[in-house]
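**Student:** Provided herewith is a single structure, encoded as structure tokens, for subsequent inquiry.
The numbers here are math on the coordinates, done by the rules we state, and not lab data. These numbers were taken from a predicted model, which means no experiment stands behind them. Note that we place each Cβ from the backbone using ideal geometry, even for glycine, and neighbour counts take in every protein chain shown.
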Amino acid sequence: MPITKWQEPVRVSTGTRGTEYVSSAFDAIIFLMDSCEERSTVTFVEARNACRGALAGNVDAEVAREKFLAAVSAAKMQVH
């Protein structure tokens, strides 16, 4: 199954790694696993599950994007 790109990429500043662009559920899972220290929060788990669902074709890619935005905001990362 092809990876669906989001309509608009998300630009996130982590502080330690600078600024990164996340443009799909696949990118989001990698970003979350590499950048979030706390992986048991509700927002992290919801984002990870939504992104996995998007990759499987069970969740709309834009829904996964919204869950990703919520997770990075809850982790106090800056979204541009």
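**Student:** Please give the per residue volume of the convex hull enclosing the alpha carbon atoms of the chain, rounded to a whole number of Å³.
**Tutor:** 75 Å³
**Student:** Taking the Cα centre of the stretch 1-43 as origin, sum charge times position over the Cβ atoms of Lys and Arg (+1) and Asp and Glu (-1), and report the length of that vector in debye to the nearest 20.
**Tutor:** Here the size comes out at about 80 debye.
**Student:** Sticking with this structure for a sec: For the chain, give the magnitude of the charge dipole about the Cα centre (Cβ charges: +1 Lys/Arg, -1 Asp/Glu; no others), in debye to the nearest 20.
**Tutor:** Its charge dipole is roughly 80 debye.
**Student:** Moving to a separate point now. How tilted is helix 42-56 with respect to the longest principal axis of the chain? Cα atoms for both, answer in degrees (0 to 90, nearest 10).
**Tutor:** For 42-56 against the chain, the angle is about 40 degrees.
**Student:** Within the chain, report the trypsin sites (Lys or Arg not before Pro) that DSSP leaves as loop and that have at most 14 other Cβ atoms within 10 Å.
**Tutor:** Qualifying residues, ordered by number: R17, R39, K76.
**Student:** Relative to the longest principal axis of the C-alpha atoms of the chain, give the angle of the C-alpha long axis of helix 61-74, reported between 0 and 90° and rounded to the nearest 10°.
**Tutor:** Its long axis makes an angle of about 20 degrees.
**Student:** What stretch of the chain, leaving out the sites themselves, is the longest with no GluC sites (Glu not before Pro) in a DSSP loop having at most 14 other Cβ atoms within 10 Å?
**Tutor:** Counting only loop sites that pass the neighbour cut-off, the longest clear stretch is 39-80.
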